[in-house]
1. Output the residue which, of all residues in segment 161-213 that are free of Cβ contacts under 8 Å to residues at least 12 places away in the same chain and charged (D, E, K, R), is nearest to HIS266 (Cα to Cα).
2. Can we say GLU75 is in contact with a Leu (Cβ under 7 Å, 6 or more places away or on another chain) and free of Cβ contacts under 8 Å to residues at least 40 places away in the same chain?
3. Might you check whether a residue that is more than 20 Å from PRO259 (Cβ to Cβ) and assigned to a loop (DSSP other than H, G, I, E, B) occurs anywhere in segment 175-186?
4. Hey, any hits in segment 87-108 for a residue that's polar (S, T, N, Q), under 30 Å from ASN208 (Cβ atoms) and surrounded by 13 or more Cβ atoms within 10 Å (Cβ to Cβ)?
5. Name the single residue, out of those in segment 178-219 being modelled with pLDDT under 90 and not β-branched (Val, Ile, Thr), that is surrounded by the most Cβ atoms within 10 Å (Cβ to Cβ).
6. If you go through segment 97-120 one residue at a time, how many are within 30 Å of LEU63 (Cβ to Cβ), in contact with an Asp or Glu (Cβ under 9 Å, 6 or more places away or on another chain) and not in a strand (DSSP E or B)?
7. Does TYR222 qualify as being closer than 27 Å to PHE180 by Cβ, among the hydroxyl-bearing types (Ser, Thr, Tyr) and under 16 Å from the mean Cα position of the chain (by Cα)?
8. For segment 224-247, how many residues meet the condition of being over 22 Å from HIS266 (Cβ atoms) and not in a strand (DSSP E or B)?
Amino acid sequence: MKKHIQPLFFLFIVVVLIAAYSGCKKNVDKLPPRSNVEKVSLNFGNTISAASFLIENNGEKNLSYSINEDITWLELSSFSGTIGSKSSQEVIVTVSRTGLTQNRYEGALIIQTNDKNHTIMVYMTVDMFLVTVINPVFTTINIEVDSTLNKETSGTYIRKIGINDSTQFSFFEKPDLFSFFAQTYGIYTDSTQLGVEMKWEEVVIVENDTIPRIFLNVSSTYFFLSIINNFETLSPLYVNAGNAFEIVENIFIFQSSDPLPVGYYHALENTAIRAMYYGGTESVTWTQGAQYTFPYTDNQSVTISNYQPDTSKRMTYRYKTPVVQQSFYLDHSFGNVTDIYSKN
């Protein structure tokens, strides 16, 4: 009899442990909602009547949102809603120019969520001369037009241009010159500037038979860096380690399968990128021509992935061997603007 009781007792213990584990697992808190809005502005120009933007939830809990606006010539397909985990909601924006006279019109969409708030500026024009400025790079560009050349209010001419987006500056009549200053840089989560600041400063002559389209390209002497870290936290980060253009970034690169966008750096034949494992003595190094290769084209980017530490013995069994990450670039070769860059 005792021989049968003992196996049954152990089976009972196993069942109890499994039930307890399942109960604990159910009680583990989900990650909070994480909101993201990919647009910083909507530009309707003289003729566009509809556009859209996405509200994304990158967290695990539901994201609730509401949109506030006070624009008489604009309508939204949705003013509020709930977005599930790892999902998004498209909001369609339509505008009407009925009864409006020649002028520029603008307003703001304030998107309030249970994570954080976002603002999208809305610009529309009626019968205006337009100059389009395009952002083909990897970070939001801040741009300011010198309106004194056109006797306009300066506040109208300060804009943000989202990634792979554009904005339009409007004039009652064709200007002879279009003068602007623009800049962008990488930003860490706490708003710390990363890498080299990219700058453009130019005066464009507006020809009689052309409608200007200006591309703010980053030259092939720079690259944009992103890092995938599938292992332990990295900090600090050294870009162009050991040469005259070395930059030390005191940031934390946490474990994630999603690329972390970092910043712009000088693209050199001997560019080396090194990161320390936080709190330890191990490091990992990526070198140009080995773990990645620059194509030396405008708007080039390199994404590197973490691998086995350079100096580790006790940790070697945990990591895979290096994987070569190919660099890539956005093809905007049809741009014809000469850029002036920071040489800091």
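The values are calculated or read from the model by the stated rules, or taken from the named source; none is laboratory data. In this text the structure is predicted, and so the values were computed from the model without any measurement. Neighbour counts are summed over all protein chains in view; Cβ atoms, including those assigned to glycine, are modelled from backbone coordinates with ideal geometry.
1. Within segment 161-213, the match that is nearest to HIS266 (Cα to Cα) is ASP190.
2. Judged against the criteria, GLU75 is not a match.
3. yes
4. no
5. GLU207
6. So the count comes out to 0.
7. No.
8. Residues flagged as over 22 Å from HIS266 (Cβ atoms) and not in a strand (DSSP E or B) within segment 224-247 amount to 4.
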